[in-house]
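The next block holds one structure in the form of structure tokens; read it before the comments.
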Amino acid sequence: MAMERRPRKSNNRDEQGAREFEQKVVEVSRVTRVVAGGKRMRFRALVVIGDKKGRIGMGLKKGLDVQESVNKAVNQAKKNMITVPIVNETIPHEVTMKYKASKLIMKPARSGTGVIAGGAVRSVMELAGVKNIISKMIGSSNKVNNIKAVFKAFETMKSKEDLESLRK
């Protein structure tokens, strides 16, 4: 007697999460581990997700195939979300951040300037919803460290309301 297969119920939470955030695969690299029988290959994915309204997350995960590593990275990014203070489609103040060998300078820009940023930083800015910014990466060209520097800079950034509450 053959078993009849029922259509699988879709996981509503995953569908809603996919619609809520846009995702961008910044880098996929093949990594190997040497074991007794030879080399074991895996894939490492660096993914940035954002809602273009100030919420962004970053995930860096490994998996046996590209799709698995991307899915793991997206799930990690959803768990590590931060909120970016955005004022008039730009950042509230200038910030200089150093993370390992990566140095990053970000400056607010006038309306109409656009996103002036290099590769990895550009994708983070677009997903965060920052439309006008000037930034420069100095030092390392490592995408992982550059994106971590951006996230570290966003975490240290303060909005006008935060500054006013500190003064009182």
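Run down 49, 86 and say which single residue is surrounded by 16 or more Cβ atoms within 10 Å (Cβ to Cβ), β-branched (Val, Ile, Thr) and modelled with pLDDT of 95 or more.
49
Can you spot a residue in region 128-143 that is under 23 Å from residue 32 (Cβ atoms), in a helix (DSSP H, G or I) and not assigned by TED's automatic domain parsing to the domain that holds residue 26?
Looking through region 128-143, at least one residue is under 23 Å from residue 32 (Cβ atoms), in a helix (DSSP H, G or I) and not assigned by TED's automatic domain parsing to the domain that holds residue 26.
When you go through 149, 153 one by one, which is the residue that is crowded, with 19+ Cβ neighbours inside 10 Å, more than 12 Å from the chain's Cα centre (by Cα) and in a helix (DSSP H, G or I)?
The unique qualifying residue is 153.
I want to confirm something. Restricting to region 97-118 and keeping residues that are free of Cβ contacts under 8 Å to residues at least 40 places away in the same chain and not aliphatic (A, V, I, L, M), which single residue is surrounded by the fewest Cβ atoms within 10 Å (Cβ to Cβ)?
Among those residues, the one meeting the criterion is 112.
Consider residue 163 against the criteria (1) touching a strand residue (DSSP E or B) at 6+ places or on another chain (Cβ under 9 Å); (2) surrounded by fewer than 17 Cβ atoms within 10 Å (Cβ to Cβ): it satisfies all of them except one. Which criterion is unmet?
Here residue 163 clears every test but (1).
Can you tell me which residues in region 88-102 are in a strand (DSSP E or B) and among the β-branched types (Val, Ile, Thr)? Even if it seems obvious, please write down each step before you answer.
Our first condition is that a residue be in a strand (DSSP E or B); within region 88-102, this holds for 90, 95-99, 102.
Scanning region 88-102 gives 90, 95, 96.
The values are calculated or read from the model by the stated rules, or taken from the named source; none is laboratory data. For clarity, every value in this text was computed on a predicted model and none was experimentally measured. Cβ sites come from the backbone with ideal geometry, for glycine too, and all protein chains shown count toward neighbours.
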